[in-house]
Amino acid sequence: MKSETLRLRGELEAVVRRGNELVAGLDDETLMRRPSPASWSVAEIVEHLSATAATFSRRIRRKLDVATVEGTPSKERPSLMGGMWRRLVEPPVRVRLKVPAAALQPGEIASRDALLARFAETHATLIALLDESDAYDRMRVRIATPFAKRLTVNLLDTFAVLAAHGRRHVWQAERALR
């Protein structure tokens, strides 16, 4: 397994672990409480992470289904655009961003168990795709950003941004509990 795969896998697993720890210790009222009317509750933040993982998993799956396994992969390193996007979403939050697409908005939250099950499932799928992508040239596979369909980043950057996005929202959830 490539070193970038192992690094990104660890980062995504840390997001899942911390998200589970945050939710596990909360009662339903605290889980759903918004710190302010314009802010998300911890449950909404976790659901947003699940929605994002599901959306990007579908995009990545479609790209891997048509990509070919390369014999000699490119050297894996962050691109300029990917690095800028990742830094933009890393915590602590310096710039508040609007959620760009309705598909990435938090969905309905039925129960804590359903919330945690969806969080685990969507992130397990994302991590499995990361592992599968190890066989591909991730520098050549391009994924559209949620900001503009014509703006694409390579698959390695996509996974790095998803890990940073997860850290951003775990940070946000921790602040929502204060």
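Data overview
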| item | result |
| --- | --- |
| All Cα pairs of the chain, percent lying beyond 20 Å | 51 percent |
| Net charge of Cβ neighbours under 13 Å - reference His165; Lys, Arg +1; Asp, Glu -1 | +1 |
| Length gained when the stretch Ala128-Leu80 is fully extended (0.36 nm per residue, less Cα-Cα span) | 14.7 nm |
| Relative packing of peptides 77-84, 45-52 - highest average C-beta neighbours within 10 Å first | 45-52, 77-84 |
| Arg33 versus Val69: modelled label distance in nm, points set 7 Å from Cα along the beta carbon direction | 5.2 nm |
| Arg59-Arg175 FRET efficiency (beta carbon distance; Förster radius 41 Å; 0.05 resolution) | 0.90 |
| Calculated FRET efficiency for the pair Arg87/Ser111, C-beta based, R₀ 25 Å, to 0.05 | 0.10 |
| Amide H partners (placed H, <5 Å) of Arg33, local residues excluded | Val42 |
| Fewest-first sequence of Lys2, Lys75, Lys63 by Cβ atoms within 10 Å of each Cβ | Lys75, Lys2, Lys63 |
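Where a number appears in this text, it was derived from the coordinates with a stated rule and is not lab data. Just so it is clear, the model here is predicted, and its values are computed rather than measured. Quick reminder, even Gly has a Cβ in these numbers, built from the backbone with ideal geometry, and neighbours come from all protein chains shown.
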